[in-house]
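The structure appears below as structure tokens.
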DNA sequence: AGACTGCTGTTACCGCAAGTAACATGCACG
DNA sequence: CGTGCATGTTACTTGCGGTAACAGCAGTCT
């Protein structure tokens, strides 16, 4: 019943957990989201039941993994978003940070966005009921908070900020996803185009003159 | 080797295929994306191998299902987008059409956005290599085409239109997904907020005066 | 010392779903 | 009548998520 012993055990367990997470990370990075528990256990040099003792089920492991990466990415984004600079510059820096991240490690990105629900009995994947990846939701909420904190939106501003937060994050995500697959232009061009969109250029440009239809 | 006979068989096969698709639809609507092939076969009153003869694998069936729904949704969206009205009105109508669709049939929406890659051997799901759901890509491309057709974007306009197409669709999707889960406001309010965002209000609003930080 | 606790680790198993092989049946054509 | 050919079946394999049940190895209490 000694307290120090308990702490020792806890520390050992935590270290082990971190090792397991890193092994899982390597496998997911290699095999994508459909990495099997067996493969992860093998990579960690152990067998399945240990993984289950540590993380409960596949959803737990994936959630732990996702939380790690999500936290890291969110830290970078916060840094870009909080920089002491012009609003447009901050927006562009944030977009660029996100795009650089998904460009650098597309496998991680793929995993975070597509959690690959399990096929087993009972378990329906770890995001039952929710549709999008947790990363998107968290980014949306964070951005909403920053918007509401920084901008004077008047009455109903909090709700507006949340809509915008999720909307902007979704814009970034979808454009980034498409860009990552087709690479139609440089990252800088993409950032500029998206910022232009957010800056109202869609409403500002003129109709085509000899356009089809009417 | 008669041609008419071949046509008869083809027609019969097509009808059968449609019946199977409708049965699959019912099951997916009921059980979500993790509907099993067995369940679908049972609903159709037959057994698994027939499904496999018609659709190849689970990915094929899901792709066929998704194509049907995607086509239907895209038709509605095109109608809203092509209406003879003010640009802002058209944008709002399109947003509203999309949101109404996902509100009316969230199960279908969930299925389309979250294709649930298979866990079997060999097969990696039907969207190997691509990340997002096909629906998002298709909507993005369609919107890009309309934008490029209607708006005078100057040099590099085609690429800009594609970025905007995918970006706007992503915005719509993420905001809609979040809204569907939390229902923080009415559909009309959401539409208005998103249109405001696209109309550059983000750039136009003032900084908060007594804001935290600096 | 010796029984007890609690952790780590194993092998061997269950249940389930995807996908396939092999066999049975109805039907038009020569 | 036999020959194609599509339709349908049962019964199987493979692979994965998840779970007993058991084995070793600390340190602890009496």
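The values are calculated or read from the model by the stated rules, or taken from the named source; none is laboratory data. Just so it is clear, the structure is predicted and the values come from calculations on it, not from any experiment. When we count neighbours, we look across all protein chains shown, and the Cβ atoms used for this are built from the backbone with ideal geometry, even at glycine.
The residue pairs whose first member lies in the range B:30-41 and is more than 14 Å from residue B:59 (Cβ to Cβ) and part of a helix (DSSP H, G or I), whose second member is more than 9 Å from DNA strand C (Cβ to nearest atom) and modelled with pLDDT of 85 or more, and whose beta carbons are closer than 6 Å, counting only pairs six or more residues apart or on different chains, are B:39/B:27.
Only one of the numbered conditions (1) away from DNA strand D (no atom under 16 Å from the Cβ); (2) at pLDDT below 95; (3) surrounded by fewer than 22 Cβ atoms within 10 Å (Cβ to Cβ) is violated by residue B:119, and that is (1).
Filtering the range A:42-72 to residues that are within 12 Å of DNA strand C (Cβ to nearest atom) and not in a helix (DSSP H, G or I) leaves A:45, A:46, A:47. Failed condition for residue A:207, given (1) facing chain B (nearest Cβ under 7 Å); (2) at pLDDT below 95; (3) on the phi > 0 side of the Ramachandran plot, with all others met? With respect to (1) facing chain B (nearest Cβ under 7 Å); (2) at pLDDT below 95; (3) on the phi > 0 side of the Ramachandran plot, residue A:207 is out only on (3). Take the conditions (1) more than 7 Å from chain B (Cβ to nearest Cβ); (2) modelled with pLDDT of 95 or more; (3) under 30 Å from residue B:33 (Cα atoms); residue A:135 misses just one of them, which is (2). If you go through the range B:146-192 and keep only what is buried (at least 16 other Cβ atoms within 10 Å of the Cβ) and not in a helix (DSSP H, G or I), you end up with B:151, B:153, B:185. Filtering the range B:169-179 to residues that are touching a helix residue (DSSP H, G or I) at 6+ places or on another chain (Cβ under 7 Å) and either facing another protein chain (nearest Cβ under 7 Å) or modelled with pLDDT under 95 (or both) leaves B:169, B:170, B:171, B:173, B:174, B:175, B:178. Among the residues of the range A:78-99, just one is more than 13 Å from every other protein chain (Cβ to nearest Cβ) and loosely packed, with under 14 Cβ neighbours inside 10 Å, namely A:79.
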